[in-house]
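Here is the structure we will look at.
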Number of protein chains: 4
Amino acid sequence: MSTKLRAAIIGSTGYGGVELIRLLLSHPNVEITSVISTSRAGVPIADGFPHLNQIVTNTLDGIDIGQLQQKADVVFTATPHGVATELAPKLVDAGLKVIDLSGDFRLKSGEAYERWYKHKPADPAYVEKAVYGLSEVFADEVRGAGFISNPGCFPTATLLGLVPVVSEGWADLSSIIIDAKTGVSGGGRGLSLGFHYSEINENLLAYKVNRHQHTPEIEQVLSRVAGEAAVVTFTTHLVPMTRGILSTMYVNLREMHTEEEIINLYRRYYEGRRFVRIRPAGKWPATKEVWGSNYCDIGISLDQRTGRLTIISVIDNLVKGAAGQAIQNLNLLMGWDEGAGLAFTPVYP
Amino acid sequence: MSTKLRAAIIGSTGYGGVELIRLLLSHPNVEITSVISTSRAGVPIADGFPHLNQIVTNTLDGIDIGQLQQKADVVFTATPHGVATELAPKLVDAGLKVIDLSGDFRLKSGEAYERWYKHKPADPAYVEKAVYGLSEVFADEVRGAGFISNPGCFPTATLLGLVPVVSEGWADLSSIIIDAKTGVSGGGRGLSLGFHYSEINENLLAYKVNRHQHTPEIEQVLSRVAGEAAVVTFTTHLVPMTRGILSTMYVNLREMHTEEEIINLYRRYYEGRRFVRIRPAGKWPATKEVWGSNYCDIGISLDQRTGRLTIISVIDNLVKGAAGQAIQNLNLLMGWDEGAGLAFTPVYP
Amino acid sequence: MSTKLRAAIIGSTGYGGVELIRLLLSHPNVEITSVISTSRAGVPIADGFPHLNQIVTNTLDGIDIGQLQQKADVVFTATPHGVATELAPKLVDAGLKVIDLSGDFRLKSGEAYERWYKHKPADPAYVEKAVYGLSEVFADEVRGAGFISNPGCFPTATLLGLVPVVSEGWADLSSIIIDAKTGVSGGGRGLSLGFHYSEINENLLAYKVNRHQHTPEIEQVLSRVAGEAAVVTFTTHLVPMTRGILSTMYVNLREMHTEEEIINLYRRYYEGRRFVRIRPAGKWPATKEVWGSNYCDIGISLDQRTGRLTIISVIDNLVKGAAGQAIQNLNLLMGWDEGAGLAFTPVYP
Amino acid sequence: MSTKLRAAIIGSTGYGGVELIRLLLSHPNVEITSVISTSRAGVPIADGFPHLNQIVTNTLDGIDIGQLQQKADVVFTATPHGVATELAPKLVDAGLKVIDLSGDFRLKSGEAYERWYKHKPADPAYVEKAVYGLSEVFADEVRGAGFISNPGCFPTATLLGLVPVVSEGWADLSSIIIDAKTGVSGGGRGLSLGFHYSEINENLLAYKVNRHQHTPEIEQVLSRVAGEAAVVTFTTHLVPMTRGILSTMYVNLREMHTEEEIINLYRRYYEGRRFVRIRPAGKWPATKEVWGSNYCDIGISLDQRTGRLTIISVIDNLVKGAAGQAIQNLNLLMGWDEGAGLAFTPVYP
């Protein structure tokens, strides 16, 4: 046991934190040495999460950076926006590897952060240091990094669907429309009437239309891989299911290509990356086909009538969209097999 | 009782037919005199639909046009595609008023029908005669008509969302993208693995991408109200819920208008039409807000960043998207109050 | 309009209150003159309930008994336990007809109320005056009454299933076991982690085992109709759906009867009561078969192997289990047709 | 690889078979060498199950016992009732270890099998040979056995809840009532209107009341551990969720014990058996707390008012109720760690 990497999880009582626990429990190279919740320190974690009975016997810790230096090698921060802003720099300074699952270090522009998140941005020096961990796109930067900013759930699904065609220069950057749909767990475990079962069941709605804070994150990455500014339309919908994101993306092509050429482009781009699976022509992924796993499945259609490309990607928002990708980044960072501890077959049905 | 209009329903054992029964039962001017199912003639309808016990005591009839002439004034045909093709003309010739809920008489082009439906089109003389019953848009044509082709569920939600801005000439017709989502009842009551509960629950998927047969119906109406050809991108998604359609529409404006101007345009367009409700700026409709009712609720957002309009409309696919609009058309056709028998408050929660 | 009975609803922003609004809107003899919410007075009700847009334009009122005397003939109190305790007596004293949907006046024993509800009981004089409105069983008492205590949702489903065999003296009173299951709306609209969508969806659980406050209500009525004390085992389960209660009841017979005799007993007992429907032998009701309606459907099986009776009843908890039965009681009380304003066909599918 | 146990799965395209694949893929000592479907032989399994893309590349095989002798050491038969009747004996005779997930070898009485299953029973010699694999109760018999009859889903949940109190002699055997609830996947992947999403969603119903074929299986085991005949009342309900069984059991005690004594009895009985977790007094398990895992969680309440015991157990019907327990039996049979390949943390939320 003592040769395993020791992991601490801050924010262990949110859905992202609990999912990190589930996934890390089957990681061959990691042991969880501290589960941390400021609001419930001192309570056995299984009290609030009976599914962990006899599996995780830890009592929740409070935050104590000195202790963390003794007990952990890597810290996952799965806290609400605005908490890691202050906390992550201290952990980094304490010599810990940090993987932050919040939005606090994703946007390189503090001004954009403030505008979209309505929070004071983090210290620019640490924002600069944070590597954006979209594993399949920025693996080279993640390898050897010490401070990872883990992507948002919508950006993960969306960027994996858009980056190949955008980075190849085939996309009309002014045409990109993203119609995203998410299950409810993406909204977290906090209480609000909007997440009450009776309000969500047998209901479908759009929310934060043209105002979602993941918009600038998507634009930042697309602009970077395109080498020019991309501005997108991004709409989010809430679907009556617990897990899953499906992102439907519409792109006009700068010049015409066949559907086959485009599918091949995606196959090439993701060659050797086991967690992205490209569907053959005429097939579309469903969120259930990646449920509980770290996969991102992508289907592509080119409409001859409009010359417009429709790209559909699906992920499990809590795995590839959060905890799974965080562990994938840990694997890359440590030089381990990218899929270590992540070989979950999707749960079906 | 004898002064009521006598209605027969063909296809009484599909979801559309059963919903017609539910709605007509509370119509003040109509009595149901025959419920017809070719496959189950002779059986009391409540045998297969226990919710109708002691409410509808009718035995299912077979199709007999001579009998229908004796028993009915109006016939609703809620049959699968390809059945009304032959049947509706005979009913029309028999002097019956006919409201067809299938897709068989919606497309004026037989060639388009054949390409998208993979069926032989109906006799063009009857296609010509059929009035497309999008009640709020074509009420003048519906009034006094004897043969109505009731719109599809997706086209109803989508066209009510697009017609005002398109008919006003403000929309860039080449830019229209429709991302539609539907509950499962829209797929009917037939058996297929794709509708098995275990496959649909906690799942979300796209289907018939760029191939859905409602595409030409949408384009036909948009082209008509625009006075020029419109070609759209149309994607359909299946959502784990029973009822409800939400259509998210993206439109580039030909010239800039304020969000307020656009909302006012919609308010003016639907003035006096009780079943369309326009949300104020910054508010978005949810399918539950129209559940079980004949309403179509619409929300509008103009993104200053992209100059693109996002329009969101919701309906209950079995009411406004099928049986409810059919009755609304009957009301118009008979010169009755448009809302007779349709004053259902949405069921919440 | 002025000849209609004027109704006020206190607690208009809970699920029971909103359902009262939906149902009363289609009642031919009633008009809603005041919708009351202490917490949100002054706000248009449609602000919090967009499904009521353009249907109910009322602004929420506060509680003012003097005003109520001017504006209303009957008041429905759909408040949390403990509120009507004080409020209902004042309304009664003000000469208003009162129909209380809470549990505050159901238990004749103040001691039992205090033990099960953990609240101070109401003034015994008013408890005595309140007529327990299980419409099919106590219609004679309801007729002409001025103060009705409307039954709980579980007791309604359960008692309608048990009263015929218990009042006939055929049931072994020591053997009664009730295994009840409810949708989530029965828990109300308040916020708690236990009603969060992600916690309830794809989940099933028992709660308040042997501790549910509806236990003494069931026992009180069974004891009354049996003429001797009945003590029951009562278990409640939470099912991932919004509406519906299914109660499965197990009863040993004092002496043997055939299944047919028992079904006939039920048919006789409920003869002429349109809202109770008895299934034939070998058929079982489903909650969807009464969804959105005031029906209670009952199926009965006698197991030859064990000599034990299994009775299954279903209701919509917000209609027959709350608002619908309240209106049924109003109809009885006013001497109107029992079903006035309640002719809702169950919504299917 | 060659040192791993080689497993074949017959019935790979049902839910039980697909779940066996998912679980065996993470078993350290097993490799899947053949996935078999008579109806779809020759097709890559991932064609029908896209979630297995790039994970299982096998093409479905037909049944060929000679080949199986070459390719496999153990065969799982996950076929509909009546198929293993003929097939399993041949596999046993071919020297293969056989774990049968169907009901064909569970009942020792051929007469009972025929009465409840409406099928011809299997050859009594093989029925005799088959070891009933309720892992926690009959582990000693499973160890070293070559032919296992894997328990049904309802009997697994129910018997784990009842066996301790029954085998201790504390239960009144004439009093046992089992009110069981299951998710839809327990009904398999076959098509029927009863499993159509629109029929099941927002619905709850009882089925096969007093007629379910799992009744004699439960009685057989209870009678065996009690040493005298037990006859039970058993009711099954269908709940709108995909996975999960919750069994609520009611038992009169022969003589009084405290709740604490009973909980301690259960703790002792399951000491050292990691997959059964007993809740403390006043706590009740939920199906989500075992979702996707091999756990069976049990809660117990003794009602002082009635002297009656209420026991609640939950399992994932496809894991502990089928594929998981089959693998647990394989582990016992092979002398491996009972939990090998089964260390799945329940998936939450």
Given (1) of a type outside the set (Phe, Trp, Tyr); (2) more than 12 Å from chain C (Cβ to nearest Cβ); (3) over 29 Å from D:LEU265 (Cβ atoms), identify the lone condition not met by D:ARG224. (3)
Enumeration of residues in segment A:294-309 that are out of contact with any helix residue (DSSP H, G or I) (no Cβ under 8 Å at 6 or more places or on another chain) and buried (at least 24 other Cβ atoms within 10 Å of the Cβ): A:GLY299
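Is it the case that some residue within segment B:301-308 is within 9 Å of another protein chain (Cβ to nearest Cβ) and farther than 23 Å from B:GLY169 by Cβ?
Yes.
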Of the residues in segment B:4-18, how many are β-branched (Val, Ile, Thr) and surrounded by fewer than 24 Cβ atoms within 10 Å (Cβ to Cβ)? 1
Scope segment C:253-307; condition among the acidic types (Asp, Glu) and more than 21 Å from D:ASN210 (Cβ to Cβ); matching residues: C:GLU271
Segment B:303-349, subset of a type in the set (Ser, Thr, Tyr) and either under 26 Å from C:LEU20 (Cα atoms) or part of a loop (DSSP other than H, G, I, E, B) (or both), residue farthest from the chain's Cα centre (by Cα): B:THR306
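Provide a single number: the residues in segment D:323-349 that are within 13 Å of another protein chain (Cβ to nearest Cβ), on the phi < 0 side of the Ramachandran plot and not hydroxyl-bearing (Ser, Thr, Tyr).
9
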Can you say whether A:HIS237 is surrounded by 14 or more Cβ atoms within 10 Å (Cβ to Cβ) and farther than 30 Å from B:TRP284 by Cβ, as far as the supplied structure shows? no
Any pair with Cβ under 9 angstrom, 6 or more apart, that starts in segment C:37-58 at a residue that is without any contact (Cβ under 8 Å) to a residue 24 or more places away in the chain and ends at one that is among the aromatic types (Phe, Trp, Tyr) and in a loop (DSSP other than H, G, I, E, B): C:HIS51/B:TRP291; C:HIS51/B:TYR295; C:HIS51/B:TYR348; C:ASN53/B:TYR295; C:GLN54/B:TYR295
Residues within segment D:255-279 that are of a type outside the set (Val, Ile, Thr), at pLDDT 95 or above and not in a helix (DSSP H, G or I), tallied: 9
Residue in segment D:70-92 that is within 14 Å of chain A (Cβ to nearest Cβ) and surrounded by 14 or more Cβ atoms within 10 Å (Cβ to Cβ) present: no
Find all pairs meeting these conditions: Cβ atoms under 6 angstrom apart; at least six residues apart or on different chains; first residue within segment A:197-208 and more than 7 Å from chain B (Cβ to nearest Cβ) and more than 16 Å from B:VAL314 (Cα to Cα); second residue hydroxyl-bearing (Ser, Thr, Tyr) and part of a strand (DSSP E or B). A:LYS208/A:THR236
Can you name the residue in segment B:258-293 that is aliphatic (A, V, I, L, M) and surrounded by 17 or more Cβ atoms within 10 Å (Cβ to Cβ) and is also nearest to the other protein chains (Cβ to nearest Cβ) among such residues? B:ALA286
Take the residues in segment D:172-206 that are part of a strand (DSSP E or B) and in contact with a Leu (Cβ under 6 Å, 6 or more places away or on another chain); name whichever of them is surrounded by the most Cβ atoms within 10 Å (Cβ to Cβ). D:LYS181
Filter segment D:140-173 down to residues that are hydroxyl-bearing (Ser, Thr, Tyr) and touching a strand residue (DSSP E or B) at 6+ places or on another chain (Cβ under 8 Å) and give me whichever is nearest to D:ARG273 (Cα to Cα). D:THR156
Entirely in segment A:1-116, the helices (runs of 4 or more DSSP H) that have 1 or more residues that are more than 21 Å from the chain's Cα centre (by Cα): A:45-48, A:65-71, A:84-93
Determine whether C:SER313 is within 27 Å of D:THR310 (Cβ to Cβ), touching a Pro at 6+ places or on another chain (Cβ under 8 Å) and either within 11 Å of another protein chain (Cβ to nearest Cβ) or without any contact (Cβ under 8 Å) to a residue 24 or more places away in the chain (or both). yes
When you check D:LEU246 against the structure, is it touching a residue at least 60 places away in the same chain (Cβ under 8 Å), crowded, with 24+ Cβ neighbours inside 10 Å and in a strand (DSSP E or B), yes or no? yes
Note on segment C:31-51: residues within 14 Å of chain B (Cβ to nearest Cβ) and under 27 Å from C:PRO89 (Cα atoms) are C:ILE32, C:VAL35, C:ILE45
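The values are calculated or read from the model by the stated rules, or taken from the named source; none is laboratory data. Just so you know, these numbers come straight off a predicted model, no measurement behind them. Cβ: placed from backbone, ideal geometry, glycine included. Neighbour counts: every protein chain shown.
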